[in-house]
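Worksheet: one structure, shown below.
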Protein chains: 4
Amino acid sequence: MVTPLRVAVAGFGYWGPNLARNAANHPGMDLVAIVDANPRRLAAAKAAYPMVRLTTDARDVLASPDVDAVFVATPPETHCALVLEALERGKHVLVEKPLATSSHDAERMVAAAAQAERVLSVDHTFLFTPAVRKMQSYFAAGEMGEVYYYDSTRINLGIFQSNANVIWDLAPHDISIMLHLLGEPVTSVSAFGARHVDMKNENIAYLTFQFEGSLLAHLHVNWLAPTKIRRTIIGASRKMLVYDDIEPDEKLKVYDCGAQIATDVEEMYGRLVEYRTGDVVSPRLDKTEALAAEMDHFVNVVRGAELPISDGAFGLEVVRIIDAAQRSLANGGIPEQVQR
Amino acid sequence: MVTPLRVAVAGFGYWGPNLARNAANHPGMDLVAIVDANPRRLAAAKAAYPMVRLTTDARDVLASPDVDAVFVATPPETHCALVLEALERGKHVLVEKPLATSSHDAERMVAAAAQAERVLSVDHTFLFTPAVRKMQSYFAAGEMGEVYYYDSTRINLGIFQSNANVIWDLAPHDISIMLHLLGEPVTSVSAFGARHVDMKNENIAYLTFQFEGSLLAHLHVNWLAPTKIRRTIIGASRKMLVYDDIEPDEKLKVYDCGAQIATDVEEMYGRLVEYRTGDVVSPRLDKTEALAAEMDHFVNVVRGAELPISDGAFGLEVVRIIDAAQRSLANGGIPEQVQR
Amino acid sequence: MVTPLRVAVAGFGYWGPNLARNAANHPGMDLVAIVDANPRRLAAAKAAYPMVRLTTDARDVLASPDVDAVFVATPPETHCALVLEALERGKHVLVEKPLATSSHDAERMVAAAAQAERVLSVDHTFLFTPAVRKMQSYFAAGEMGEVYYYDSTRINLGIFQSNANVIWDLAPHDISIMLHLLGEPVTSVSAFGARHVDMKNENIAYLTFQFEGSLLAHLHVNWLAPTKIRRTIIGASRKMLVYDDIEPDEKLKVYDCGAQIATDVEEMYGRLVEYRTGDVVSPRLDKTEALAAEMDHFVNVVRGAELPISDGAFGLEVVRIIDAAQRSLANGGIPEQVQR
Amino acid sequence: MVTPLRVAVAGFGYWGPNLARNAANHPGMDLVAIVDANPRRLAAAKAAYPMVRLTTDARDVLASPDVDAVFVATPPETHCALVLEALERGKHVLVEKPLATSSHDAERMVAAAAQAERVLSVDHTFLFTPAVRKMQSYFAAGEMGEVYYYDSTRINLGIFQSNANVIWDLAPHDISIMLHLLGEPVTSVSAFGARHVDMKNENIAYLTFQFEGSLLAHLHVNWLAPTKIRRTIIGASRKMLVYDDIEPDEKLKVYDCGAQIATDVEEMYGRLVEYRTGDVVSPRLDKTEALAAEMDHFVNVVRGAELPISDGAFGLEVVRIIDAAQRSLANGGIPEQVQR
């Protein structure tokens, strides 16, 4: 029988409780400690996990020999210092997205994980949702054909942060899904944004991603939209996908383009072309909670049984793309190279 | 009693029959002639309007003293020559969008109309739809507050032209509505696009429009989308609008932001802000067909009873913006000034 | 080459113009006459079909040897006399639904058609829509398995007649589709309804149809609903169908029940059972207009090349079911046998 | 300061944990005990509420002087005995719907509550949802006008019980909302249902409710539908309501009928009437969780500060209506009087 991974959760704010719950419920993990600087948060942790060690000082946990892995859900600007120390102390790390708030920090974290020979995994949870896994299966099986474009919209009216802009807050979701599915490096990014309602950071942004060749990707993120939209459209030569995360039942629709018919409809005013698709299928999706699937994956990566799909290098790539977007935003939308 | 306007329709392809039908049915117009170079088209015109003069040669109509106005629905590249001649011959003109295929041509047409003291109206039909008229009433009454952004998506899979790109084909609709509602000049445009499936012109494009101040506008046009979307979201300080032209009944939704509440939700990781809207209203819309309302307007403009809302200068502005988009497209997305 | 069928259209009100247009456009038909007692209607017919014989007196047409078939689109209460005379005069007949306003009249019409050896076809147009034809193909191929229920809702706010109730107006659509698909006789009908807003006839009704065995069918028809719903759900052991006629693109959804999984979820408070379906498919539908397909069918039936799918006997069955519903309505909802 | 109500929860299966969580979180309640006969359930209760007394024997709790109220979430067939004993012992009771499995049992429970002078409240949770409270406010303010019909559909494919039919499982929700809003007694009920897939109880049923006058109500409940629908349409002379509980944001739509226009559209074939509505409003709904609002209400009823809206008499009325439906079901759909 395999010894469970002893897990500490750092940060018990919005996301930490989800990590703690999944660690506590996973047969391959023991939740052994929770860290949070805020006593009120710690009291909530105590109520939920009365048997678990609780502390306001992360160093207690990082120094402890009975912790194998640290799940970091503290604010992004604190990730770098905490993760570096955890890796140095020989802990495996799962860190909430974004990996870091700059490419430079992210690079240091990737190097430290290599040095320490420990797992550094970035919690891009969406990669583990049933819809994304199903889409990924089409890409992996070569069923998409040539990919034409990737178009994503993630907008809503709701709660937002005042210490980051909408790109840092929302774009990591879409960029991680896009990289995971397309498997191609983004060469340059253009970003336009604006600030409204006395905000100090952008609340709306449009990002255009360029790749080698004619593949084009685009993302609209917006904190100030009256209606909630979370939709990705992927156009390709053999299938087209519409992934609508708001839909309760049919989140994914697959349009068959194999039966695509091109006809000259009329000759008069130049050539008109008609495209049509065949049947539309909403594939049955697995019901596994994304975070539970991600926990399985993390355990397997630590044990060497699976290759990581969202490791430090992947998280670094996401941060580099956002860095390029930030530079473009500052330059009035002129496309900026993604640095490597 | 007022003498009806004697109208000739030039071009009986896709759009011409709609112009002819509306002219024939309007109490202030007489449909007197239809021109089309294609005999098969002319036969269709004869079946529908057996009493109307039919000709393959536009000059017959332009030379005729018993024609007061010409409705031009020929291909865009033929607009300039035809409209210039019509104006010189003293005819009023209603011309299908886009006014011309270059700013230079459009400028000549505007100058010719001024010279001839004749009405030059551009058929941006969407301006006359009940939903756009309702939205315009909010802007005109000052009920929107400060406008933050204008976001439009016009995508579908269907019939498309091979002799123009998707911007020239679809963007005039959105640009005309945007200019009509916002009433502010676009300063620069960035455009990204791509060509797929052996097309010689772009089938997908993203356009970002910049204005003075923090107002931002964006348009996604796409001929190769598996699903049809025609939606415009307008964010402003007092109202937010969602105009969904696919919806059969509730095309327009108005979100009340007067009751907008901003609360600090939590202090821990920086300030979080919550925005909420009040009631959502789908206003009852008038059922008048857009083209019928546009015919009324044209007659009234000719008679001097109304100021034109889509005259040559307006149509020229649309073309200038598209010209800037085309230059940006050629320059890899770098924003281009709209020339004036 | 086959001689076209010479068609007269009787009644040029709401539906007659559609019949006339389809007859005029069909290669196997010649539209030779239009009858309407109302001079204003006749003037409209003249404008549209200047070459066609027009008359206010149906007897002119029925007596004419150069008419092979009469398409009857006059008010339902006039069908019987007109159709009987047409059949006696040796004309084939296509008659708008409902065939008659009583079973007794309908029986006389069926007998007369047999006697005259002429085609009597009832225009249940919905049977020829792409969605219904696609559904019928599943039933015909035995792909549905055991049918459990047929549930239909046809409600809206709009124009309605004052001289019939909502059952006579709307139910023939659903009853004809149901009979066509299920191919089983209705044994009894229960109907509840109510009158509101000073109407003299029912504006809302609920009909329950019983068959041999455990198959159950139900219909809600309503003229006074704030939202338009036209949806049919068919539950069966191998497929479940949702036919939503309001949907512009995906009118039909097919739920695969082959992969249906029944699990005991929990034992505690009795057996709980979970049912799930597999993929959902929106099959690509043909775009042929229903009425054009029906015209093809009518010509083929007259020529003996196809068996009728909506003949007099079928139309009679629809009327008998409505008769039973009317009796149940009068009896406070007690189920009434369908008489045969 | 007011002493909190000391609450015991009996039954920790599907619904009990929600009652326990809300009791534990309510400032006016102390959760003091949890009862469940199943040790596995009790272990789950212990993990969640380590400080609360746990027992497999309800009598421990009912005999205890330090329990003021019992929340009963055991299977329906156990309600009667448990509630009677609780009332006799002087406890206030909140019992999950349905109150009982027969009118006779429900009557005994109502009488016992009167005798004991204790609160007997039935947990018809839907009455406390923001959407139902908003609708109720229109009725209470007299803004609906004359009510014409109440039409509800509650169907889905999912988990269902094998020891009750779909009416007992789902109809209490709709019947309780209907009674709460309409405030009028149902006079008779007709029910049709069917059993499929080797079930021993009905999995589909149609219920028609009759009242004094022309008001008509109808309910479709179905465990075997491929798509989930939870929609209620209420037609009245001044407002029409559509309550769609699946909608994440706009659960309630209010159609203004004040501007309703009735026009004679055409005179030819009898009088045609057109009805139209004015603006459609989706009112902003409160976000309070229904169960939290219900806890407030229960505390206030116990303290005498509010009149009960879902007391024993109300719960009895729901059971009587279901009893009538069951009798009608057994009689082939013949309407049955609601007994009083």
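The values are calculated or read from the model by the stated rules, or taken from the named source; none is laboratory data. Being a predicted model, the structure only gives us computed values, none of them experimental. Don't worry about glycine lacking a Cβ; one is built from the backbone with ideal geometry, like all the others, and counts go over all protein chains shown. Quick note on the areas: whole protein, heavy atoms, side chains included, nothing else; ligands and nucleic acids left out. Shrake-Rupley method; radii C 1.70, N 1.55, O 1.52, S 1.80 Å.
Observations
- The protein assembly as shown shape via C-alpha gyration tensor axes, a/c threshold 1.5: oblate
- Dipole magnitude of the stretch C:1-72, debye to nearest 20 (Cβ charges: Lys/Arg +1, Asp/Glu -1, about Cα centre): 240
- P(r) weight above 20 Å for the stretch B:55-160, C-alpha pairs, percent: 53
- Summing +1 for each Lys or Arg and -1 for each Asp or Glu among the other residues whose beta-carbon sits under 15 angstrom from that of residue C:107 gives -1.
- Estimated inter-spin distance, residue C:14 and residue C:214, nm [label 7 Å along Cα→Cβ]: 4.0
- Considering only D:115, D:210, D:326, the Gaussian network model of chain D with Cα springs below 10 Å gives its largest mean-square fluctuation to D:115.
- The Cα-based radius of gyration of the stretch C:5-123, divided by its Kirkwood radius, gives an Rg/Rh of 0.94.
- Environment charge at residue C:214 (Cβ cut-off 13 Å; Lys +1, Arg +1, Asp -1, Glu -1): -3
- Of all DSSP bridge pairs formed entirely within the protein assembly as shown, close to 60 percent run antiparallel.
- Accessible solvent surface per residue of the stretch A:5-123, calculated while the other protein chains remain in place, 1.4 angstrom probe, Å²: 42
- Accessible-area composition of the protein assembly as shown, carbon plus sulfur, in percent [1.4 Å probe]: 49
- Peptide C:194-206, shielding by other chains (average Cβ, 10 Å cutoff): 5
- The lysines within cross-link reach of residue B:97, meaning a Cα-to-Cα straight distance under 26 Å and a gap of 8 or more places when in the same chain, are B:46, B:134, B:200, B:228, B:251, B:287.
- Built amide H within the under 5 Å cut-off of residue D:123, gap 5+: D:95, D:96, D:97
- Equivalent ellipsoid semi-axes, chain D, via Cα gyration tensor eigenvalues times 5, rooted, Å: 38, 23, 19
- Accessible surface buried upon A-B contact (total; probe 1.4 Å; Å², nearest 100): 5200
- Gaussian network model of chain D, Cα within-10 Å springs - most flexible of D:283, D:98, D:17: D:283
- Angle in degrees between helix B:166-182 and the longest Cα principal axis of chain B, rounded to the nearest 10: 70
- Accessible surface ranking for C:91, C:239, 1.4 angstrom probe, highest first: C:239, C:91.
- Note on residue A:51/residue A:289: beta-carbon distance plugged into 1/(1 + (r/R0)^6) with R0 of 35 Å gives a FRET efficiency of 0.90.
- For the peptide D:183-190, the mean number of other protein chain Cβ atoms found within 10 angstrom of a residue's Cβ is 1.
- Of the residues B:95, B:197, B:189, the one that moves most in a GNM of chain B with alpha-carbon contacts below 10 Å is B:197.
- Computed from the Cβ-Cβ distance with R0 of 51 Å, the FRET efficiency linking residue B:63 to residue A:104 stands at 0.10.
- Per residue of the protein assembly as shown, the DSSP helices (runs of n ≥ 4 H) give a summed -39500 (n - 2.57) that works out to -10000 deg cm²/dmol at 222 nm.
- The string of couplings for the stretch A:221-236 from the Karplus curve (6.51, -1.76, 1.60, θ = phi - 60°) is 10, 7, 8, 10, 9, x, 10, 8, 10, 9, 9, 10, 10, 10, x, 8 Hz, one whole number per residue in order, with x for Gly and Pro.
- Packing-based order for B:170-183, C:27-40, using average beta carbon neighbours within 10 Å, highest first: B:170-183, C:27-40
- Förster-model FRET efficiency, 22 Å R0, residue B:198 and residue A:340, C-beta, rounded to 0.05: 0.10
- Beta bridge orientation in chain B: antiparallel %, DSSP, nearest 5: 60
- Degrees between helix A:290-302 axis and first principal axis of chain A (Cα, 0 to 90, nearest 10): 60
- Whole-number percent relative contact order across the stretch D:49-108, with pairs defined as alpha carbons under 8 Å at least 6 apart: 33
- Acute angle (nearest 10 degrees) that the helix C:103-116 long axis makes with the longest principal axis of chain C, alpha-carbon atoms: 60
- The mean number of partner chain beta-carbon atoms within 10 angstrom of a residue's beta-carbon across peptide D:218-229 is 6.
- Restricting attention to the stretch B:5-123, close to 0% of DSSP beta bridges with both partner residues there are antiparallel.
- Within the stretch C:60-77, backbone nitrogen closer than 18 Å to the virtual label 7 Å beyond the Cα of residue C:37 toward Cβ: C:60-63, C:71-77
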